[in-house]
Amino acid sequence: MENTFDVIVIGSGISGGWAAKEFCEKGMKTLVLERGRNVKHLEDYPTALKNPWDFENRNRMPHQVRETNPIVSRCYAFGEATEHFFLKDTEHPYIQEKPFDWIRGYQVGGKSLLWARQVQRWSKFDFEMPARDGFGAEWPISYDDLAGWYSHVEKFVGISGNKDGLETLPDGEFLPPWEMNAVEKHIQSAIKENYSDRYPIIGRCAHLTEPKEVHLQQGRGQCQARSLCERGCPFGGYFSSNSSTLPWAEKTGNLTLQPDSVVHSIIYDNALGKATGVRVINRLTKETTEYYARVIFLNASTLNSNLVLLNSKSDRFPNGLGNDSGLLGKYMAFHNYRGEISATYRGYEDTYYFGRRPTAVMLPNFRNVYRNDMPFKGGYQIHFTASRKNWQRGISSDQFGADFKENISKPGDWSIYMMAQAETVPKEKSHVRLSDTEVDEWGIPQLITSVDYDENDELLLQDFFKQGAEMLEKAGCENIHARDTGQAPGLDIHEMGGVRMGPDPKNSLLNKWNQLHTCNNVFVTDGACMASTGSHNPSLTFMALTARAANYAVEQMGKGEL
Amino acid sequence: MKRREAISSLSVIAGGSIILPQMLSGCETAEHPYALFDRGDTELLNDIAETIIPETPGSPGAKAANVGDFIQRYVTNCFSPVDLKIFLDGLAHLKAETDKNFGKRFTSLSPSEKYDVVRGLEKQRTEYQRNAIPGTPPHFYHLLKSTILFGYFTSEQGATTALRYVPVPGGQKGIIPYEGEKAWAL
Ligand SMILES: Cc1cc2nc3c(=O)[nH]c(=O)nc-3n(C[C@H](O)[C@H](O)[C@H](O)COP(=O)(O)OP(=O)(O)OC[C@H]3O[C@@H](n4cnc5c(N)ncnc54)[C@H](O)[C@@H]3O)c2cc1C
């Protein structure tokens, strides 16, 4: 039959790329449907080699663009060098019942081109904590179920890191780590000396510090420490779907990658009791086409995967595919990024650093690890960096002239920046749903976001402010200033949930293999599947879950079960 | 249309965001690419910038980097209407004051007179900031100085001579000895 494949993957970002790779390698004819335009590795990175002075406004965005696109303009990575990889606010509107900054990249590769590439494995504590401490649902899997898949993904992606032997942050398959500078090392030892439960380590990130054979086979090379990654890397130094999983899938001859294909909904066949395919609207012509497959992987990124399921209505599932429990779109959560601390340090003026390291120092969560002994639930992970001040310190100086120029041309004192990445509690009332009245350009209902902070977030934030400042103080830092950025949920770009996994179909939507409990040939393996948020950068876990689920699906297809 | 009129039409649309160059074209500054500025402003801004970031041994100053041109482009494109008005008003005021106090333009002043004018601007900013409460709009000179520094240190001349520009480091070292060299540009 025309338009028929073994597997359809919806979305070509970080998780969809992984689904495509696993299925194609196993011989499955795979159709990847992507709503955005095509972006080819190397060819479509127009700004990758530009100098600061090559940009009209030196990489800052015009006022008019910021005025008309306030949401995406709040993302730190949005600038003249990267704007072509970000969706503008106006291109796909949604309704904020409560403020939510939804940052999106609609193109082949999705947000994998733009991400900051920080990766950490969850530990067993992260899976156990929500049910143990009564703030979340039980996870249907444990760390042991995922450990092998973390390894599988890490080897292919290429992750730099140090084997630190921490129970709270399991080691992985690592390429050589990046180095801390003198002040970071100093703070690291001060924290270790003063606290028996805190171990700052060098961050782990998806960069090839020393490519292995499998990376060279992908056509990727060593990271050059340029730190201009979000433009697309001409060296293939960091992992993106475009540089890695998609070309790998393509080489098998089993991949059909179709850009400009907006998935409207999944088609459910009542008689067969399963999904048979998807309805697609061409982004440009608005023409509708149907595609069919035995298995469907939904990887449109958290909110869009919720949207597709909510919009997949049938007689059997009038409230959205797989939504017997009524929980679809609910228990939406994110990471609290509101906590920032800055400080200065006097000393080590005789040292500097070279190259632009694509990671920070990180301190794995040390709160509520073994039991809930804090007045709040969940944990937080801290990232910090030390660097020497640059010419910008000259702006507020009252000096000018030749000596002033000489002075600010040299590195200044050390300054420290620290931030928290905090777990949030998934709540039933935090949800997304479809608008009854507003539709988008393709006639698809707009999404309404109703997600907010709560008391737990405030308590946790205060704890970070106190602990962070105390740690810096003990390390001899000065001018310690804590700041609540006040930013809305979503700007963390770690939105998770809405289609959560769980052992019980009554209070979850997906089983332990990421299959819809009530429509088992539809799998959701992006952030939508998350039953809790942990305090880690989430994408590595999305990749591991995707690879695991895809291999399970292949097995089941082989047995004729799917 | 003269710049002063341009400013008043600006205040009409302040809050809105689009300033169309066509609105302001066809008048006496037509050849000048920045409709909100006068032709002489490139030299004026270059001269002020050079006073703040002069040429030093082995490193051209802000004028050679044509920071004056960049400032007009950047201010036009990227400033909010509030900052834009402060900037244009401040620049007009600076010109009027120099005329009044010296009987000539800034660009014709001696180096020491230029120094005094900028010293005066620094002082005004300090006074202004002393009384500022949170939410007070920035002082004209603060906007000017930050744009000059930004324009210079991200220019080819500034990044490659006043700083060390290494577009492709090739690797990273956490600790290297420091003996008074220039800072990295990126
Ligand atoms: C600036 C930035 C920094 C980040 N830093 C980190 C970090 O350091 N570490 C980390 O772990 N994560 C980070 N993230 C988050 C990370 O990018 C996401 O977690 C990850 O990309 C999610 O993968 P995904 O496959 O779910 O979604 P995406 O990568 O967003 O891909 C989804 C794809 O689906 C497509 N799509 C959507 N709807 C439809 C539809 N209806 N039909 C067809 N196609 C559709 C989209 O166009 C998109 O291409 C960062 C993100 C950003 C933007």
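Computed from the coordinates by the stated procedures, all read-outs in this text should not be read as laboratory data. Bear in mind the structure is a predicted one, so any value in this text is a computation, not a measurement. All Cβ positions, even for glycine, are placed from backbone atoms using ideal geometry, and neighbour counts span all protein chains on display.
Of note:
- The mean sequence separation of alpha-carbon pairs under 8 Å and at least six residues apart, normalised by the residue count of chain A, gives a relative contact order of 22 percent.
- For region A:425-515, convex hull of alpha carbons as volume per residue, Å³: 185 Å³
- Sites matching chymotrypsin sites (Phe, Trp or Tyr not before Pro) across region A:46-132 that sit in DSSP coil, with at most 10 neighbouring C-beta atoms within 10 Å: A:TYR76
- Farthest toward positive dipole pole in chain A [+1 Lys/Arg, -1 Asp/Glu at C-beta], among A:HIS494, A:ALA19, A:TYR195: A:ALA19
- Gain in span if fully extended, A:LYS251 to A:THR68, counting 0.36 nm per residue against the direct Cα distance: 61.8 nm
- For region A:172-257: Kirkwood Rh in Å [reciprocal of mean 1/r, alpha carbons]: 15.3 Å
- Neighbours of A:ASN304, meaning other residues whose beta-carbon lies under 10 angstrom from its beta-carbon, give a summed charge of +1 when Lys and Arg score +1 and Asp and Glu score -1.
- Whichever lysines have a C-alpha closer than 18 Å to that of A:LYS88, once near sequence neighbours (fewer than 8 apart) are set aside: A:LYS111
- Under 10 Å, Cβ to Cβ, from A:GLY412 - net charge with Lys/Arg +1 and Asp/Glu -1: +2
- Rounded tilt (10° steps) of A:539-558 against the dominant C-alpha axis of chain A: 20 degrees
- For region A:77-120, applying the loop criterion from DSSP together with a ceiling of 16 other beta carbons within 10 Å to the trypsin sites (Lys or Arg not before Pro) yields A:LYS88.
- DSSP finds beta bridges in chain A, and of those with both partners inside it, around 70 percent are antiparallel.
- Label point distance in nm, A:THR485-B:GLU156, each placed 7 Å from Cα along Cα→Cβ: 3.5 nm
- Shielding by other protein chains, A:182-194, mean Cβ within 10 Å: 1
- Modelled FRET efficiency - R0 30 Å, A:GLU555 with A:ASP171, Cβ distances, 0.05 increments: 0.60
- By the compact-protein rule of thumb, 2.2 N^0.38 Å, the alpha-carbon radius of gyration of region A:1-157 corresponds to a ratio of 1.31.
- Charged side chains reduced to their Cβ positions (Lys and Arg at +1, Asp and Glu at -1) give the protein assembly as shown a dipole of some 480 debye around its Cα centre.
- FRET efficiency estimate (nearest 0.05) - Cβ-Cβ, B:HIS93 to B:GLU43, R0 22 angstrom: 0.75
- Look at the stretch A:96-109: the mean tally of other chain Cβ atoms within 10 Å of its residues' Cβ atoms is 0.
- For chain A, the convex hull drawn through the C-alpha positions has a volume of 152 cubic angstrom per residue.
- Shielding by partners for peptide A:403-414, expressed as the average number of C-beta atoms from other protein chains within 10 Å of each residue's C-beta, is 5.
- Region A:368-405: trypsin sites (Lys or Arg not before Pro) falling in loop per DSSP and having at most 14 other Cβ within 10 Å: A:ARG371
- In whole angstrom, region A:333-429 maps to an equivalent ellipsoid with semi-axes of 38, 15, 11, each derived as √(5λ) from the alpha carbon gyration tensor and ordered largest first.
- Applying a threshold of 27 Å to the alpha-carbon distances of A:LYS274/A:LYS377; A:LYS389/B:LYS63; A:LYS389/B:LYS114; A:LYS124/A:LYS212; A:LYS50/A:LYS251; A:LYS98/A:LYS274 flags A:LYS274/A:LYS377; A:LYS389/B:LYS114; A:LYS124/A:LYS212; A:LYS50/A:LYS251; A:LYS98/A:LYS274 as lying beyond it.
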